[in-house]
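What follows is one structure encoded as structure tokens, with my remarks underneath.
The values are calculated or read from the model by the stated rules, or taken from the named source; none is laboratory data. Here the structure is a predicted model, which is why all the values come from computation and not from measurement. A quick note on method: Cβ atoms are made from the backbone with ideal geometry, for glycine too, and the neighbour counts reach across all protein chains shown.
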Amino acid sequence: MKRSMHRSALALVAVCAMAGSLRAQTVAITGGKVYPVSGPPIEGGTVLMRDGKIVAVGKDIAIPANAERVDATGKWVTPGLVNSNTSVGFGDVGFSGGPRELSAKGHDGIAAGFQVWLGFNTQSTMIAPAREGGVTSVVASPSGGLVAGQAAIVDLSGALPLSEVLVKAPATMIAQIEDNESAKVGAAGEAIGQLRDLIEDTKAYMRRKSDFERAQTRPFVAPRRDLEAMIPVVEGREPLTIIADQAAEIREVLNIAKDYGIKTVILGGAEAWTLADRIAAAKVPVLTGAMNNIPGSFATLGSRQENAAMLRKAGVQVGIIGNAGGGDEELFNVRNLRYEAGNAVAYGMSWDDALRAVTLAPAEIYGVADRVGSLKPGTEGNVVIWSGDPFEFSSRAEQVFVRGRKIDAPSRQDLLAKRYQKLPPNYESQK
Amino acid sequence: MRIVVFAAALSVLACASAKGSQAPAPSPMQSGDSTHSQDSRDSTTAGRGALSVPNADPFPSTYKPFPSKTTVIRNVTIMTAAGPSIKNGAILLRNGKIETVGASVNAPSDATVIDGAGKFVTPGIIDIHSHLGVYPAPGVEANSDGNEAVKPVTAYVWAEHSVWPQDPQFPRNLAGGITTLQVLPGSANLFGGRSVVLKVVPSRTVQGMKFPGAKYGLKMACGENPKRVYGNKGGPQTRMGNVAGYRTAWIEAEQYRRKWDKWNATHKGDPPARDLNLETLAEVLRGNILVHNHCYRADEMAQMIDIAHEFGYKIKAFHHGVEAYKIADLLKKEDIGAAVWADWGGFKMEALDGIRANMALVNQAGARTIVHSDDPSGSQRLNQEAAKGIEAGKEIGIDISEDQAIKWLTINPAWALELDSKIGSLEPGKDADVVLWSGDPFSVYTRAEKVWIDGALLYDRDDPSEQWRTDFDLGFVPLVGGAK
């Protein structure tokens, strides 16, 4: 109760914030080494943004007189990074405190109708650290069960209204076939069977909607809300992202994609390198990391840091996600995506491919390349000015623009560091 | 993906510390060996295993250095952790020791000479917070041997009795430049048990990995974990319950220590009953075992320091001290190391205030920063963790040189294990635990190329025959090309 009142108070403030952000703003970032990703790098290039969008990128761009100029001489300029596997916005503490709005109860492991973004807190304290790592868009994903629900792509602008931060919702359906207990099944084969039933039943539901409404169909594996949510998946308009690591699981993802002609994305993909050619031929993208080489379970015996590079070499569309393990790469350390990309380079991926794998590749995989992931005119003004190579530890994201606005609101961590930079003689007097 | 979930769950409990191995150094009483022989003479009723003897070593190290070749690495940047880097320097490893470090060395005629152009040499990296072997991969329940979570005080367990030497995580750690590990019990308990210090080497037995002469550690844990685990199992249920639990145990331990010290001095009369739990705690009170205390919050660390004062022992390092920066002055005053992550935080309430500048702020206050992992993946890249710490310092105006940061990974953890006279820096006479890196170890693109332990080349990225595969790896873990 208290919480909902707080939220409506925030909504009021949001209206005012929105009004402010609609004012025309023109920003020109000049002189930097620009990596548009959608095209070749430009030394001493200009990125021009107006009203939140990128309007021009190049060497000889006319800069309007009213533009705010940002000198990026000696800096690197890239699109804001896209982290395609996060739980940002659904809780401020990973464990043992506060709500987490990630997992629906569903029915028999299926929660396809769950729209996780309805619980997205646009003011989460986890957003600023991510942005400080140059991450400006995230796939905000549900988790748990066999079919966890629908994920959204969200810009980390810090704007209050959900409508101002959503890039695409739903962006993908999230499922997993590797954790039997969570999927409420006894074996992977049963999970795969359930998934197939859900797809078949959705097709039947689409054919016989009116019969369904009159309760004249056989029972389906999921209720109406879930079947409705599956329609765009079955029609091939929305990808089905399936968490799968073991080669045998990945094989079944490819079979599902082929049998039903649906778009699938493999998330995790620890052993994907063993099937790289088949995955490439099936045109199934893989979201994987570059920092895990531990046979942490019998399903991930083939984990290796070269996975992403080997897949890319075989022609697979690869997006990089955090997978070092243990350090909460999906929440507090969403910001570390750039280091994951750097490690991918250390283990064989080309630098250009690694940058693409944390920008345009995930945007293409989830059908938002016209909005984020590159510095192409017409896309959102999500731009990062780096002090140097974005993958290096010695570099930092000096200025981060989301939807054309520079955002420099400090994180909680910044405030703490500042407070304790000089040990206070009298702590109590500190503000 | 599965591994991510597993590791995250594990980290909740896997965090705390103690360390161990066994010290030949004489205690205030007498050495274990001489006491043993007296025991058999003087005691008519008890076998020596029933006697509580300071610095006893019932599971002695059988580690022997692997065969080594005299090796010279030259034309290389050397981060010694004992002074400024040597550009275009050279280092000579002979008979398992570092013989010479400098601008140049005279290469003996039998030496293998490695040209290190563009490369870097550092001491072997030391991770003082590991659960390798006790939480091995794959993470199945059958091998989940890190937490004796049956009651809050289990100082009687020893991590080495859970270590599985065939844990495939060991060679992966070595490939990350890690040469010494402290393996600790988990953090479910107020007193989790004894740690063990290991050389990261292939061995059929844990004894064959034990660092000769290393002291044991005792893992203690503050905060959320013990009270969560025991809240509905008889307590502690609160932080005040935690503190009562530590103090109660120390009171008993002190009584035990007095009783045994008296008997060991005279061997008169019937010996007191041996108690493995109190013996470990008594060894802490005698200074023979080092305390490694899992503790996130500044206020709790300050309370643990008071408890240490109350009972007259020393805390060697706080592990997971995400709030160490808040009491860096106190840590400096008490000479307690801060073993920390670069950027873990926010994953539970007591980790909420983790900041990346922690390492730099602790360093700036003159206290000892130690980079630790608590994680089999992070452990492979402690150099990258330190690199984050350098940059975080820079962002708030604290300039940490790479020569300083290398100490966070080497000599500082060596100090916390009281092994700094043997390892942790590249100085003549020290163990030849050495890493050759492909470039600056604080770059994301750099990898460990070669790793020597006691002068023996145990890892070579360019030579698959010099890449250790555990028994588990065979047949289970595929190589490129599909062979297993």
Worksheet item: So how many residues does the stretch A:274-291 have that are facing another protein chain (nearest Cβ under 7 Å) and either within 16 Å of A:ALA247 (Cβ to Cβ) or in contact with a Phe, Trp or Tyr (Cβ under 7 Å, 6 or more places away or on another chain) (or both)?
Response: 1
Worksheet item: Given the structure, is B:SER379 small (Gly, Ala, Ser), within 14 Å of another protein chain (Cβ to nearest Cβ) and farther than 29 Å from B:GLY186 by Cα?
Response: no
Worksheet item: Of the residues B:LYS388, B:LYS394, B:LYS326, which single one is of a type in the set (Lys, Arg) and over 14 Å from A:GLN413 (Cβ atoms)?
Response: B:LYS394
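Per-residue answers, yes or no, for (1) crowded, with 24+ Cβ neighbours inside 10 Å; (2) on the phi < 0 side of the Ramachandran plot; (3) at pLDDT below 95; (4) touching a Pro at 6+ places or on another chain (Cβ under 8 Å):
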residue	(1), (2), (3), (4)
A:ILE110	yes, yes, no, no
A:GLY133	no, yes, no, no
A:VAL138	yes, yes, no, no
A:SER141	yes, yes, no, no
A:GLY149	yes, no, no, yes
A:ILE153	yes, yes, no, no
A:LEU160	no, yes, yes, no
A:VAL185	no, yes, no, no
Practice prompt. Within the stretch B:354-376, identify whether any single residue is assigned to a loop (DSSP other than H, G, I, E, B), away from chain A (no Cβ under 14 Å) and at pLDDT 95 or above, and answer yes or no.
Written response: yes
Practice prompt. Can you tell me which residue among A:ASP277, A:ASP226, A:ASP211 is under 16 Å from A:GLN150 (Cβ atoms) and part of a helix (DSSP H, G or I)?
Written response: A:ASP226
Practice prompt. Kindly indicate which of A:TYR420, A:TYR366 is among the aromatic types (Phe, Trp, Tyr), surrounded by 21 or more Cβ atoms within 10 Å (Cβ to Cβ) and within 29 Å of A:VAL233 (Cβ to Cβ).
Written response: A:TYR366
Practice prompt. State yes or no: is B:ALA317 under 30 Å from B:ASP353 (Cβ atoms), small (Gly, Ala, Ser), modelled with pLDDT of 95 or more and out of contact with any strand residue (DSSP E or B) (no Cβ under 9 Å at 6 or more places or on another chain)?
Written response: no
Worksheet, complete the sentence: Of (1) away from chain A (no Cβ under 14 Å); (2) crowded, with 24+ Cβ neighbours inside 10 Å; (3) in contact with a helix residue (DSSP H, G or I) (Cβ under 9 Å, 6 or more places away or on another chain), B:ALA214 fails just (3)
Worksheet item: Which one of the conditions (1) part of a loop (DSSP other than H, G, I, E, B); (2) away from chain A (no Cβ under 14 Å); (3) in contact with a His (Cβ under 6 Å, 6 or more places away or on another chain) does B:SER187 fail to meet, given that it meets all the rest?
Response: (2)
Worksheet, complete the sentence: Within the stretch A:242-271, the residues that are in contact (Cβ under 8 Å) with a residue 40 or more places away in the chain, within 17 Å of A:ILE365 (Cα to Cα) and away from chain B (no Cβ under 11 Å) are A:VAL253, A:ILE262, A:VAL265
Fill in: Meets criteria (of a type in the set (A, V, I, L, M, F, W, C), surrounded by 24 or more Cβ atoms within 10 Å (Cβ to Cβ) and under 19 Å from B:VAL322 (Cα atoms)) for B:LEU198
no
Discussion item. Tell me yes or no: at least one residue of the stretch B:388-398 is surrounded by fewer than 24 Cβ atoms within 10 Å (Cβ to Cβ), over 24 Å from A:ALA324 (Cβ atoms) and more than 9 Å from chain A (Cβ to nearest Cβ).
Written reply: no
Item to complete: For the stretch B:429-446, enumerate the residues that are within 12 Å of chain A (Cβ to nearest Cβ), in contact (Cβ under 8 Å) with a residue 40 or more places away in the chain and either not β-branched (Val, Ile, Thr) or not in a loop (DSSP other than H, G, I, E, B) (or both).
Response: B:TRP437, B:SER438, B:GLY439, B:ASP440, B:PRO441, B:PHE442, B:SER443
Item to complete: Of all residues in the stretch A:366-414, count the ones that are in a loop (DSSP other than H, G, I, E, B) and of a type in the set (Val, Ile, Thr).
Response: 4
Worksheet item: Which of the residues spanning the stretch B:112-145 are farther than 25 Å from B:THR410 by Cα, within 14 Å of chain A (Cβ to nearest Cβ) and in a loop (DSSP other than H, G, I, E, B)?
Response: B:ALA137, B:PRO138, B:GLY139, B:VAL140, B:SER144
Discussion item. Going through A:GLU398, A:GLU392, A:GLU340 one at a time, which residue ends up being within 17 Å of the chain's Cα centre (by Cα) and either without any contact (Cβ under 8 Å) to a residue 60 or more places away in the chain or within 14 Å of another protein chain (Cβ to nearest Cβ) (or both)?
Written reply: A:GLU340
